[in-house]
């Protein structure tokens with residue numbers, strides 16, 4: 001897993017500032033939208049450690065960039081073809097420089113301690129995707145395809161609700177600009 005240097009985080013404890021070092025991990029998450037029975041739906045899974053609904057993703061490996069990590073995580077976790085929405089800026093590539101598809105956003109998330117894992121941060125690259133084969137998804141964790149109406153009834157984290165809403169919106173606005181994976 002690709003990790004950044006430890007970052008300082010200051011905490012006030014009993015009137016004294018404490019400098020706590022926390023690791024930062026590079027992660028990626030894909031929010032995948034599909035039309036199912038004529039209705040637009042988004043794929044979410046219930047995270048096995050934290051019990052919250054999220055898109056598909058995980059840690060970026062040391063020999064990957066975040067886009068490559070997204071492609072690998074999609075194939076490992078759900079095993080379907082997905083088109084990633086392309087947010088590139090139009091850089092003309094050269095023999096030594098190319099432009100990766102940009103994520104919709106990059107979030108920094110504080111991940112709480114879990115069993116023997118210390119608290120740490122995720123630098124999470126958020127991508128949007130679409131698929132024509134939603135019925136072929138397989139996952140080891142609980143998952144489902146949710147419509148916007150169903151999303152509104154779920155108890156989602158605020159940041160997840162924001163990203164899901166943006167994924168639905170971007171499906172309409174940008175679905176013609178994508179790269180097939």
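The values are calculated or read from the model by the stated rules, or taken from the named source; none is laboratory data. All figures in this text were calculated on a predicted structure; none of them were measured in a lab. Because the Cβ atoms are built from the backbone with ideal geometry, glycine has one as well, and the counts that use them run over all protein chains shown.
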Of (1) assigned to a helix (DSSP H, G or I); (2) within 24 Å of residue 172 (Cβ to Cβ), residue 106 fails just (1)
Those residues of region 72-108 which are at pLDDT 90 or above and in contact with a helix residue (DSSP H, G or I) (Cβ under 8 Å, 6 or more places away or on another chain) amount to 79, 80, 82, 84, 103, 104, 105, 107
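Return the residues of region 109-133 that are closer than 18 Å to residue 31 by Cβ and either surrounded by fewer than 17 Cβ atoms within 10 Å (Cβ to Cβ) or touching a helix residue (DSSP H, G or I) at 6+ places or on another chain (Cβ under 8 Å) (or both); say none if nothing qualifies. Steps first, please.
Pass one, region 109-133, residues closer than 18 Å to residue 31 by Cβ: 109, 122-133.
Result: 109, 125, 126, 127, 128, 129, 130, 132, 133.
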Reported set for region 56-90 where residues are in a loop (DSSP other than H, G, I, E, B) and within 12 Å of the chain's Cα centre (by Cα) is 60
Test residue 144 against the criterion of being under 17 Å from the mean Cα position of the chain (by Cα), at pLDDT 95 or above, outside any helix (DSSP H, G or I) and surrounded by 16 or more Cβ atoms within 10 Å (Cβ to Cβ), and give yes or no. no
Residue 149 fails exactly one of (1) exposed (fewer than 12 other Cβ atoms within 10 Å of the Cβ); (2) part of a loop (DSSP other than H, G, I, E, B), namely (2)
Quick check on residue 42: is it surrounded by 12 or more Cβ atoms within 10 Å (Cβ to Cβ) and under 21 Å from residue 148 (Cα atoms)? yes
Taking region 163-181 and keeping only residues that are exposed (fewer than 14 other Cβ atoms within 10 Å of the Cβ), touching a strand residue (DSSP E or B) at 6+ places or on another chain (Cβ under 9 Å) and either assigned to a loop (DSSP other than H, G, I, E, B) or at pLDDT 95 or above (or both), one is left with 175, 177
